[in-house]
Each structure stands twice: as C-alpha cells, then as structure tokens.
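K.L.:
Pasting a structure here, questions to come.
The values are calculated or read from the model by the stated rules, or taken from the named source; none is laboratory data. Keep in mind the model is a prediction, meaning the values are calculated, not measured. Glycine gets a Cβ as well: all are built from the backbone with ideal geometry, and neighbour counts include every protein chain shown. Accessible surface areas use protein heavy atoms only, side chains included; no ligands, DNA or RNA. Shrake-Rupley method; radii C 1.70, N 1.55, O 1.52, S 1.80 Å.
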Amino acid sequence: MDFKDTPEEAAYRKQVQDWLAANAPKRGADGDPEGGGDLTAAKAWQARKAAAGYAQITWPKEWGGQGGTPIQQVIFNQEEAKYPTPGNPFQIGLGMCVPTVATFADAETKQRFVGPALRGEEIWCQLFSEPSGGSDVAAARTRAVQADDGSGDWIINGQKVWTTGAQFSDFGIVVCRTDPNVPKHKGLTMFWLDMHDPGVEVKPIHQMSGGSGFNEVFFTDVRVKDSQRLGAVGDGWKVSLVTLMNERLAVGGATGAGWAEFMEAARSIPSADGASALKDGALREKLADWYVQAEGLKHTRNRTMTALSRGQTPGPESSIGKVVSAVQMQELANSAIEMLDQYGIINDPELAPLRAAFQSSFMFAPGLRIAGGTDEILKNIIAERVLGLPGDIRVDKDVPFKDMPTGR
Ligand SMILES: Cc1cc2nc3c(=O)[nH]c(=O)nc-3n(C[C@H](O)[C@H](O)[C@H](O)COP(=O)(O)OP(=O)(O)OC[C@H]3O[C@@H](n4cnc5c(N)ncnc54)[C@H](O)[C@@H]3O)c2cc1C
C-alpha cells in the first residue's frame, strides 16, 4: 500500500510548508494541552491564518475559507503541529458551534458571526453537558420557557458543567429542555446566547494540572430572543447531533508526549545494573504492546486519510483512534513517571526531564478519556456502528421526560 501524498497533495503541502516557514512562531510553546494558553498570542496567530485563508480551509471563500478539501485541512494541521504555535481556544467554536449556527441560523446571523469567529475576534463555547447528563446529553434539565409577555422571548434557567473556555468565551450554544411532557430526545431546543449577559455566571473548575480549562456555568433568568433559536422548537436533539458529529472529527487523538519522547527518556535512564532502562524485561514487554498499538493506529489513521483523499467522509471507525490513543497516552505517561523515579514528581518544566512533557500528559490523559465521548460510549459506537453488534438497551426512550426517575 502506498500512503504517500498525491502530486496535488504534495504541492499543497509545499505551499503550506513555505507559508508556515515564513509566518509561524519559532518559539513560545506554552505546553498548554487544554487549549487556553496565551489568549493574545492565540488571537494574533488565528488572525494571521485567517488573512491567508488557512483558518478554516474547508469553509467556502465567502466565509473566509479556501473552499478546500478535508485532506488539505489535515495536511495543514500536520504541518502546523511542527511549530510551537499558541494554544487553540477557537477549536470548539470553529469546529462545532459556528458550523451549527451556520447550518440553522438565518443569513444575517450567519453573516454576523462567521467572520469574527474565523479571525479569532470572538470565541464560542459548547454548553451541552450538565450534572445530570454528559454522555446522555438528551437528559439536559436546563429549562427554557417562553415569556408570557407576548414578546416570543425565552427565559433560560439551569446549570451546565465542564464547559471548556467559558471563562473567555463571548458566545455559546446551549441545549435546553423546552417540553418535559415528551420523551427526552423530543423536548429539547437549541439557542445561541451572549456569555456577557448578566444572568450568565461562569465559575472556573480548578484542575489537578493547575489550570482551569473548563467551568460550571449557571443561568438565572437569561432572556434570549426567539430569533436566537437554532432549529425548530423540539428539534434540539437533531441540532446537537450536528455539533456532536463535528466534535468527533475535531477532538481527534492524543497529542501529548508520545513514543519518541518515551524512547529518549528510556535510553538516557540507567537501570539498577547500570545498563539503560531499555534493557528491562518488563519495560520491553510494554514497549512491544505499545508498538503494536501504534502500528494499528497508524493504519487506522491512514484509512481515514485515504477516505478524505478520495473525497469520502470517514466512517465511525475514526472513534477507534481516540479510544486507543488516549489509553496509550495515559499508559505511556504512567510508565514514564515511574521510570523517572524521584524526578517523576517534579512538574516544573524548567527542572523536569523533557520539560515535564510526561507530567503534563499524566494529568491531561484522564480528561482526554472522557472528553468528546468516554471510552465506554466510543466502544458502544464501534460495537454498534462498525461491528454491527446489537444496540445498547435504552429503557427510557419512550418515557415522558418528567416521568423519568431522578433518584430524588
Ligand atoms: C477535558 C474536557 C472538556 C470538556 N468540554 C466540554 C465542553 O466544552 N462542553 C460540554 O458540554 N461538555 C464538555 N465536557 C464534558 C464531556 O462531554 C462529558 O464529561 C462526557 O460526555 C461524559 O459525561 P459525564 O461526565 O456526565 O459522565 P457520565 O455520562 O455520567 O458517565 C459516567 C460513566 O458512565 C459511563 N457510561 C455512561 N453511559 C454509558 C453507557 N450507555 N454505556 C456504558 N457506560 C456508560 C461513562 O463511560 C463513564 O465512565 C468536557 C469534558 C472533559 C473531560
């Protein structure tokens, strides 16, 4: 099998490489895998990409994209990853929220939001998960009730949680319960809202990494216009599926310290008998397992790349990538910390080996196994949609939402 670029892809890669060589930052990586990083630097880099048409390559030219193909976007991402660019706080907005707005809002709203989001001037967040439902987004309890003053406005009350980037977001898309009398998937409606509304309260969640990448968000009588509704009343589940489809493509695999860094560390660490840690039998067994997984992943990615290269949409098998790579990232990090012995507990990039790359992965990996679909949910997708096994049992599918047991 030949997975090399086609002549057109190779020409595009060269064009991207030349542009990045002239424009990408050469220093300044902040090692912030949660995507916040230095907001000013991130906005400047986004504006520069947008000016050159590289911000969203697949978007049409009239939106500021290149009208390019998904494979061109993949090529750009691969090449950009070679540079220490700032974190990407725009990924959720551009990858999920704005495409949802663009699909369901009127032309004027679309026109208002697409350009500023593309240029990094406005940031969006995805307000789906709640204390009552993350995997089960359809269990949302945040209520939107139409005001009784004849304005047609909606009043939102409730709480979301794990909202990435809410602390610096300007807008969000929020899925709300508008009808509790019908089964859970049928009584939801989606809106966009202004995060600066006084009824929106954002409380950052402090993480073990020291960062606060995501938040609790509380809504108290937040008034939104009916024109801020995305899709029909009661169609919020269908609208959220559009967002979630985009999420599966955007979340991707693990990007932290990997195989190459592990080998570098293992070679340089002496074992008890003075040889390198690479001579350790137990470690060699793990290395063999990871190697097999890495090869499997490489070929699964090649399958996705081939589908994109042929202009096809990758199938549900791309869920395999995150399940395997997030677990591998966690195992690599755990073993590396153990191998580094007392140095493993030093989390300061100035002092720790490999600028604390494994310490950072160690703390980020558990979140990656949950974000964008937990291991179990992705395995269900693989079982049902890739392997064609019988579906998960869904007992609450036809029960009116208000009659679902809550444990209270
Ligand atoms: C880094 C990070 C960023 C995030 N960013 C956002 C964001 O920006 N916006 C947002 O809305 N949400 C966000 N989330 C939330 C994320 O979508 C949810 O955490 C995730 O969907 C899981 O939901 P939950 O936490 O409610 O766990 P639950 O759904 O309660 O799951 C608990 C456990 O039960 C298992 N489980 C649940 N259902 C099944 C089933 N049917 N079969 C088998 N096992 C099952 C799960 O796998 C898990 O182990 C983020 C999460 C993380 C970690």
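K.L.:
Need at least 2 residues that are away from the ligand (no atom under 12 Å from the Cβ) per element, so show me which strands (runs of 3 or more DSSP E) inside the range 105-179 make the cut, counting only ones lying wholly within it.
P.N.:
Filter on the range 105-179 gives 143-146, 154-164, 171-177.
K.L.:
Are any residues in the range 370-400 small (Gly, Ala, Ser) and loosely packed, with under 14 Cβ neighbours inside 10 Å, and if so, which ones?
P.N.:
Once the filter is applied, which keeps residues that are small (Gly, Ala, Ser) and loosely packed, with under 14 Cβ neighbours inside 10 Å, the range 370-400 yields Gly388, Gly391.
K.L.:
Additional query: Hey, Val222 hits all of (1) modelled with pLDDT of 85 or more; (2) among the aliphatic types (A, V, I, L, M); (3) part of a loop (DSSP other than H, G, I, E, B) but one; which does it fall short on?
P.N.:
With (1) modelled with pLDDT of 85 or more; (2) among the aliphatic types (A, V, I, L, M); (3) part of a loop (DSSP other than H, G, I, E, B) applied to Val222, the lone miss is (3).
K.L.:
Among the residues of the range 50-66, what is the count of those that are polar (S, T, N, Q) and crowded, with 17+ Cβ neighbours inside 10 Å?
P.N.:
Residues flagged as polar (S, T, N, Q) and crowded, with 17+ Cβ neighbours inside 10 Å within the range 50-66 amount to 2.
K.L.:
Let me ask something else about it. Given the criterion more than 21 Å from Ala166 (Cα to Cα) and crowded, with 17+ Cβ neighbours inside 10 Å, identify the matching residue among Val74, Val98.
P.N.:
Sole residue among the options that is more than 21 Å from Ala166 (Cα to Cα) and crowded, with 17+ Cβ neighbours inside 10 Å: Val74.
K.L.:
Mind checking which residues of the range 361-376 are assigned to a helix (DSSP H, G or I) and either away from the ligand (no atom under 16 Å from the Cβ) or more than 19 Å from Gly210 (Cβ to Cβ) (or both)?
P.N.:
Asp375, Glu376, listed by residue number.
K.L.:
Where residues in the range 77-95 are open to solvent by 30 Å² or more (accessible area, probe 1.4 Å) and within 14 Å of the chain's Cα centre (by Cα), which of them is farthest from Thr313 (Cα to Cα)?
P.N.:
Filtering the range 77-95 for residues that are open to solvent by 30 Å² or more (accessible area, probe 1.4 Å) and within 14 Å of the chain's Cα centre (by Cα), the one farthest from Thr313 (Cα to Cα) comes out as Asn88.
K.L.:
Which one of these is out of contact with any Lys or Arg (no Cβ under 6 Å at 6 or more places or on another chain), of a type in the set (Val, Ile, Thr) and either in a strand (DSSP E or B) or more than 17 Å from Ile156 (Cα to Cα) (or both): Val239, Val217?
P.N.:
The match here is Val239.
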